[in-house]
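Engineer: Below is one structure. I have some questions about it.
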Amino acid sequence: MRKQRSFSVSSPENFKTALLEWSKSYNKVVWLDSNNHVDTYGKYDALLAISGQTDESKKSLQNTDEVSDFIDEEKDWLFGYFSYDLKNQWEDLDSNNHDGLGFPVLHFFQPEKILTLKDDQVQLLYLDSLSSEMETDYTEIWRLSQNRTTPELHQSVRIKLRIHKDSYFEKANRFLEHIHRGDIYEANFCQEFYAEQTEIDPWETYRNLNQISSPPFAAFLRLDDKYLLCASPERYLRREGEKVISQPIKGTAPRSMDPKEDHELKKQLQQDPKERVENIMITDLVRNDLSKSALKGSVKVEELCGVYAFKQVHQMISTITAQVPNELNSMKLIKDTFPMGSMTGAPKVSAMKIIEEQEETKRGLYSGAVGYFDPNGDFDFNVVIRSILYNQTSKYVSFSVGSAITSKSDVEKEYQECLLKAKAMRSVLEGS
């Protein structure tokens with residue numbers, strides 16, 4: 001079904017830049033980049049999947065049954081995304097909030113061409129019918145990598161807030177009322193920043209955003225006229241045969257240029273009782289989600305409340321693993337755990353109902369997941385956060401941020417956490 005070829009590259013970073021540049025002529029693109037983070041469970045440094053206007057694969061999937069059948073029957077690669085609003089198909093939920101972006105609920109495609117990068121090796125995985133293009137494609141990408149020029153981004157987008165500060169406080173306090181009544185323990189409350197009648201260069205905007213943040217689960221997605229520019233630090237779920245790994249993030253602190261102060265900020269996050277409670281609640285939720293399919297007694301917390309430094313922020317991350325039957329269809333694992341607990345709350349369904357009442361915007365792809373299934377049914381998906389979404393046709397640009405509301409929440413601090421998370425996207429768009 002696919003032909004393979006491997007090449008050695010002398011400068012993987014230059015080659016990565018060239019790969020993304022080369023993909024511009026294709027109308028379906030998924031680019032996944034680890035930004036050289038050391039990841040115990042990572043398999044690739046970067047992946048590019050593309051299909052052109054001819055779409056040789058003829059496989060474009062827009063519902064979960066089609067994805068499930070493809071995994072079982074075709075034994076090939078699928079790249080794409082699940083949006084947050086897939087919850088409405090799996091639970092007794094709906095979404096009637098404003099949607100300025102218009103992305104499909106989910107979309108996967110069987111790529112014509114896949115290029116993987118690991119260390120200094122690039123591997124080309126092409127459909128048989130396109131294998132004759134391997135040599136010329138590699139030569140073109142190599143040529144682009146030798147003539148590396150990064151154009152400056154000149155844009156100034158006027159950002160508007162969907163929820164203003166006073167309204168945010170009112171809504172956050174309503175979440176606290178639900179918590180004090182015992183309806184929920186925790187909920188992730190998100191707000192949208194947006195611009196209308198606006199055009200951006202999605203490729204250069206992504207490059208700038210990625211340069212600012214350099215996160216381990218960065219992604220660029222193009223689906224015709226719709227774009228995702230994602231600087232995510234968070235893994236949603238990975239499967240490696242019988243092992244499943246989830247790494248929820250809950251807990252955020254700013255960085256400092258001063259090493260001593262930065263160390264202190266990291267230490268404060270590690271010891272902050274409110275942040276630890278947030279993280280532990282979601283860790284328990286993930287353990288419960290994974291146990292639906294896991295072999296009895298196999299769900300383990302490998303790391304609880306570990307604090308990791310990224311360019312913009314410190315984050316508190318836990319790692320939960322489980323063993324599952326080898327024959328289990330991977331879509332069952334997605335259905336058991338989606339949407340991810342870090343973006344919903346606990347109990348999950350109750351939290352999602354309250355979220356829908358208080359938020360002003362349909363989340364869509366924000367707080368969904370982007371990634372791939374491989375021919376074995378293994379997969380790796382991120383959490384779509386720290387991301388800019390763009391509908392080129394309707395000229396609508398959007399990014400959302402959120403924070404977890406718990407009984408210990410200080411509403412002002414939650415608001416400031418949202419602004420901290422918005423900083424990278426806002427600076428890229430506003431040109432500041």
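Engineer: For segment 101-148, name all the residues that are among the aromatic types (F, W, Y) and part of a strand (DSSP E or B).
Structural biologist: Answer for segment 101-148, where residues must be among the aromatic types (F, W, Y) and part of a strand (DSSP E or B): F108, F109, Y126.
Engineer: If you don't mind, another one. Kindly provide the set of residues from segment 384-426 that are among the hydrophobic types (A, V, I, L, M, F, W, C), in contact with a strand residue (DSSP E or B) (Cβ under 7 Å, 6 or more places away or on another chain) and assigned to a helix (DSSP H, G or I), ordered by number.
Structural biologist: C418, L420, A422, A424, M425
Engineer: Of the conditions (1) surrounded by fewer than 21 Cβ atoms within 10 Å (Cβ to Cβ); (2) assigned to a loop (DSSP other than H, G, I, E, B); (3) not hydroxyl-bearing (S, T, Y), I184 clears all except one; give me its number.
Structural biologist: The failed condition is (1).
Engineer: Give just the number: which of (1) touching a Lys or Arg at 6+ places or on another chain (Cβ under 9 Å); (2) under 28 Å from P215 (Cβ atoms) does G52 not satisfy?
Structural biologist: Failing condition for G52: (2).
Engineer: Okay, next question. Name the residues in segment 157-181 that are touching a helix residue (DSSP H, G or I) at 6+ places or on another chain (Cβ under 6 Å) and surrounded by fewer than 11 Cβ atoms within 10 Å (Cβ to Cβ), would you?
Structural biologist: Within segment 157-181, none qualify.
Engineer: Just to be sure before I move on: is S213 among the hydroxyl-bearing types (S, T, Y) and surrounded by fewer than 22 Cβ atoms within 10 Å (Cβ to Cβ) in the structure I sent?
Structural biologist: Taking the combined requirement at face value, the residue does not satisfy it.
Engineer: May I pose another question? One residue is enough: does segment 356-363 have a residue meeting the conditions assigned to a loop (DSSP other than H, G, I, E, B), surrounded by fewer than 24 Cβ atoms within 10 Å (Cβ to Cβ), in contact with a Phe, Trp or Tyr (Cβ under 8 Å, 6 or more places away or on another chain) and not hydrophobic (A, V, I, L, M, F, W, C)?
Structural biologist: yes
Engineer: Another question about this same structure. Between Q123, Q197, Q191, which is crowded, with 21+ Cβ neighbours inside 10 Å, in contact with a Lys or Arg (Cβ under 9 Å, 6 or more places away or on another chain) and either at pLDDT 95 or above or over 30 Å from Y308 (Cα atoms) (or both)?
Structural biologist: Answer to the selection: Q191.
Engineer: Which of the residues spanning segment 97-107 are in contact with an Asp or Glu (Cβ under 8 Å, 6 or more places away or on another chain) and either at pLDDT below 95 or not small (G, A, S) (or both)?
Structural biologist: N97, H98, V105 - these are the residues of segment 97-107 that are in contact with an Asp or Glu (Cβ under 8 Å, 6 or more places away or on another chain) and either at pLDDT below 95 or not small (G, A, S) (or both).
Engineer: In segment 312-360, what residues are under 14 Å from V286 (Cα atoms) and charged (D, E, K, R)?
Structural biologist: K335, D336, K348
Engineer: Given the conditions (1) over 25 Å from Y81 (Cβ atoms); (2) touching a residue at least 12 places away in the same chain (Cβ under 8 Å), report the number of the one that F220 does not fulfil.
Structural biologist: Here F220 meets the rest and fails (1).
Engineer: Select from segment 12-22 the residues that are crowded, with 20+ Cβ neighbours inside 10 Å and either over 19 Å from K118 (Cα atoms) or free of Cβ contacts under 8 Å to residues at least 40 places away in the same chain (or both) and list them in ascending order.
Structural biologist: none
Engineer: Between I249, I200, which is over 15 Å from the mean Cα position of the chain (by Cα) and touching a residue at least 60 places away in the same chain (Cβ under 8 Å)?
Structural biologist: I200
Engineer: Which one of K58, K87 is modelled with pLDDT of 95 or more and of a type in the set (K, R)?
Structural biologist: K87
Engineer: Considering each of E186, E242 in turn, give the residue that is among the charged types (D, E, K, R) and farther than 23 Å from S403 by Cα.
Structural biologist: None of the others qualify; the one that does is E242.
Engineer: Mind listing just one residue for me: the one in segment 382-393 that is out of contact with any helix residue (DSSP H, G or I) (no Cβ under 8 Å at 6 or more places or on another chain) and of a type outside the set (V, I, T) and, of those, nearest to D224 (Cα to Cα)?
Structural biologist: Within segment 382-393, the match that is nearest to D224 (Cα to Cα) is N391.
Engineer: Moving on to the next point. Would you list the strands (runs of 3 or more DSSP E) that sit entirely within segment 240-333 and hold 3 or more residues that are surrounded by 20 or more Cβ atoms within 10 Å (Cβ to Cβ) and in contact with an Asp or Glu (Cβ under 7 Å, 6 or more places away or on another chain)?
Structural biologist: 249-254, 313-323
Engineer: Moving on. Which residues, counting only those in segment 144-156, are exposed (fewer than 14 other Cβ atoms within 10 Å of the Cβ) and in contact with a helix residue (DSSP H, G or I) (Cβ under 8 Å, 6 or more places away or on another chain)?
Structural biologist: Q146, R148, T150, P151, S156 - these are the residues of segment 144-156 that are exposed (fewer than 14 other Cβ atoms within 10 Å of the Cβ) and in contact with a helix residue (DSSP H, G or I) (Cβ under 8 Å, 6 or more places away or on another chain).
Engineer: Give the residues of segment 277-310 that are without any contact (Cβ under 8 Å) to a residue 24 or more places away in the chain and among the β-branched types (V, I, T), sorted by residue number.
Structural biologist: V299, V301
The values are calculated or read from the model by the stated rules, or taken from the named source; none is laboratory data. Keep in mind the model is a prediction, meaning the values are calculated, not measured. With ideal geometry, Cβ positions are generated from the backbone for all residues, glycine too; neighbour counts draw on all protein chains shown.
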